[in-house]
1. Need a quick list: helices (runs of 4 or more DSSP H) entirely within region 28-144 having at least 3 residues that are within 16 Å of residue 12 (Cβ to Cβ) and open to solvent by 70 Å² or more (accessible area, probe 1.4 Å).
2. Does region 208-216 contain any residue that is without any contact (Cβ under 8 Å) to a residue 60 or more places away in the chain, open to solvent by less than 90 Å² (accessible area, probe 1.4 Å), assigned to a loop (DSSP other than H, G, I, E, B) and in contact with a helix residue (DSSP H, G or I) (Cβ under 8 Å, 6 or more places away or on another chain)?
3. Pull out all pairs, ordered by first then second residue, where Cβ-Cβ is under 7 Å, the residues are six or more apart or on different chains, the first lies in region 9-37 and is farther than 13 Å from residue 74 by Cα, and the second is exposed (fewer than 13 other Cβ atoms within 10 Å of the Cβ).
4. Within region 40-70, work out how many residues are under 45 Å from the mean Cα position of the chain (by Cα), at negative phi and of a type outside the set (Val, Ile, Thr).
Amino acid sequence: MSKGRVEAAAGAAGILLRYLQEQNRPYSSQDVFGNLQREHGLGKAVVVKTLEQLAQQGKIKEKMYGKQKIYFADQDQFDMVSDADLQGLDGKIVALTAKMQSLQQSCRYMEAELKELSSALTTPEMQKEIQELKKECAGYRERLKNIKAATNHVTPEEKEQVYRERQKYCKEWRKRKRMATELSDAILEGYPKSKKQFFEEVGIETDEDYNVTLPDP
């Protein structure tokens, strides 16, 4: 084996041994490859071979799990942990879990706020919108000024008079239409032709012919 290959193999062994000791949890060769490939650029074949060599050298432990091998750090190298230490670690886990949940909740709030801000108008867009609204408002002010300056305003009395006359004429319209309908119905009782033919012969034009609807009372 060349000197370069020896150094590469030694470097890979150091990386994998350090990783398993720091993580101190079981991994398959595929897990180790996936976790370290991007950072260290190790090939899968190198990872598999190096893990097997470390296990043969007794630097890590190897165990069959189903149909695949798993690798983990030798636990004998770590100090024994007392029950009090374990309880302390459990307490830290609980505290960190609560902190993580709080941070996740804060992240959700911030993401919702970011989404709302992203959909809002930008500063230039808001400035443009303000200018357009000011222009529109100026137009309404000018229109209001012209209305106030006009001399042809309708007084409340004149408005009320118009409404009274409209009601009067509509009442008369309704009365005359009813009389005309009653009269034509009486004639049609003895008329040998249809109502349409009768109207055409006499020359009667109805509201319906011109799509006119009598206003409500």
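The values are calculated or read from the model by the stated rules, or taken from the named source; none is laboratory data. Predicted, not measured: the structure shown is a model, and the values here were computed from it. Neighbour counts run over all protein chains shown; Cβ positions are idealised from the backbone, glycine included. What goes into the accessible areas is simple: the full protein's heavy atoms, side chains included, and nothing from ligands, DNA or RNA. Shrake-Rupley method; radii C 1.70, N 1.55, O 1.52, S 1.80 Å.
1. Fully inside region 28-144 and qualifying: 29-40, 44-56.
2. Yes: region 208-216 contains one or more residues that are without any contact (Cβ under 8 Å) to a residue 60 or more places away in the chain, open to solvent by less than 90 Å² (accessible area, probe 1.4 Å), assigned to a loop (DSSP other than H, G, I, E, B) and in contact with a helix residue (DSSP H, G or I) (Cβ under 8 Å, 6 or more places away or on another chain).
3. As it stands, the answer is 28/68, since those pairs meet every condition given.
4. Adding up the residues that qualify gives 6.
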